[in-house]
Amino acid sequence: MDEFRKLVQIMTRLRSEGGCEWDRAQTHDSLRQYLVEETHEVVDAIRGGDPDSLCEELGDLLLQILFHAQIAKENGQFDITDVIASISEKMIRRHPHVFGEATADTPEAVSLQWDHIKRTVENRFHESIVGGIPRGFPSLLRAAKMSKKAARAGFDWERTEQVLEKVEEEFSELKEAMTQGDPAHTEHELGDVLFSLVNLARFLGLSAEVAMVSANERFERRFREMEKIASETGHSIENTDMRTLDRLWEMAKKSSS
């Protein structure tokens with residue numbers, strides 16, 4: 001706690017008269033981009049598996065939280081103590097199976113209980129069952145959140161095979177749209193294919209967002225390896241025929257998992 005108090009004091013000093021002019025000039029709005037950036041850097045550190053890097057990035061994220069709390073304190077709204085008290089109360093309230101008499105023996109039961117408490121005890125109603133999901137979420141993540149909420153309301157398939165059939169149906173509709181030459185219609189059908197794949201991932205117990213991140217990283221890693229191999233064999237990616245590029249790609253796949 002001494003280190004935490006020290007960090008709070010540092011932030012207070014930075015924002016005070018005679019502190020840092022950049023820090024003093026920041027607002028909730030101006031800091032939004034940094035909050036998003038630091039969050040992504042935490043995620044990258046988790047994926048990298050380096051505890052030291054994760055420790056550092058979590059510190060950067062914590063600093064952003066303290067930054068917003070300090071600004072709110074200066075505006076007479078709340079301070080970091082209120083933030084901590086609020087989340088402490090929420091965690092106790094939403095875990096009656098730990099701090100109360102309720103029972104929830106599976107992660108699924110805990111999740112349902114969590115949603116029930118939000119709707120009844122906290123009166124956190126939305127105009128729609130699929131409401132309350134930030135539009136700023138990555139599209140695949142938002143699709144997964146909406147699908148999960150709809151499924152809890154009973155709007156869902158019963159078996160994975162049915163979802164797979166839906167994927168195949170949407171893919172057929174995409175191919176049909178492509179033959180019609182209407183970009184807007186094709187985009188519409190492509191979106192339906194992606195949405196159905198998000199649901200397939202959900203049925204498989206996977207995250208489409210995480211799968212896409214992994215695919216992106218895998219492609220980058222293999223493409224960089226392909227560039228390396230091409231350079232070592234006297235080729236230039238930009239001036240190489242597709243047949244040779246395919247061969248280089250297969251070589252890259254074998255040497256870069």
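The values are calculated or read from the model by the stated rules, or taken from the named source; none is laboratory data. Please read all numbers here as calculations on a predicted model, not as lab measurements. So basically every Cβ, Gly included, is an ideal-geometry build from the backbone, and we count neighbours across all protein chains shown.
Candidates are the residues of the range 110-129 that are under 24 Å from GLY205 (Cα atoms) and without any contact (Cβ under 8 Å) to a residue 12 or more places away in the chain; the one that is nearest to the chain's Cα centre (by Cα) is SER111.
Right, ALA104: aliphatic (A, V, I, L, M), surrounded by 15 or more Cβ atoms within 10 Å (Cβ to Cβ) and in the same structural domain as LYS6 (by TED's automatic domain parsing) or not?
no
Condition check for ALA144 on (1) in contact (Cβ under 8 Å) with a residue 60 or more places away in the chain; (2) in the same structural domain as LEU14 (by TED's automatic domain parsing); (3) under 22 Å from the mean Cα position of the chain (by Cα): one failure, at (2).
Under the condition of being closer than 19 Å to ASP82 by Cβ and not β-branched (Val, Ile, Thr), the residues counted in the range 8-27 number 3. In the range 17-38, the residue that is nearest to SER214 (Cα to Cα) out of those that are under 20 Å from the mean Cα position of the chain (by Cα) and surrounded by 14 or more Cβ atoms within 10 Å (Cβ to Cβ) is GLU38.
Within the range 129-161, being more than 20 Å from VAL210 (Cβ to Cβ) and surrounded by 12 or more Cβ atoms within 10 Å (Cβ to Cβ) holds for ILE129, VAL130, GLY132, ALA150, ARG152, ASP156, TRP157.
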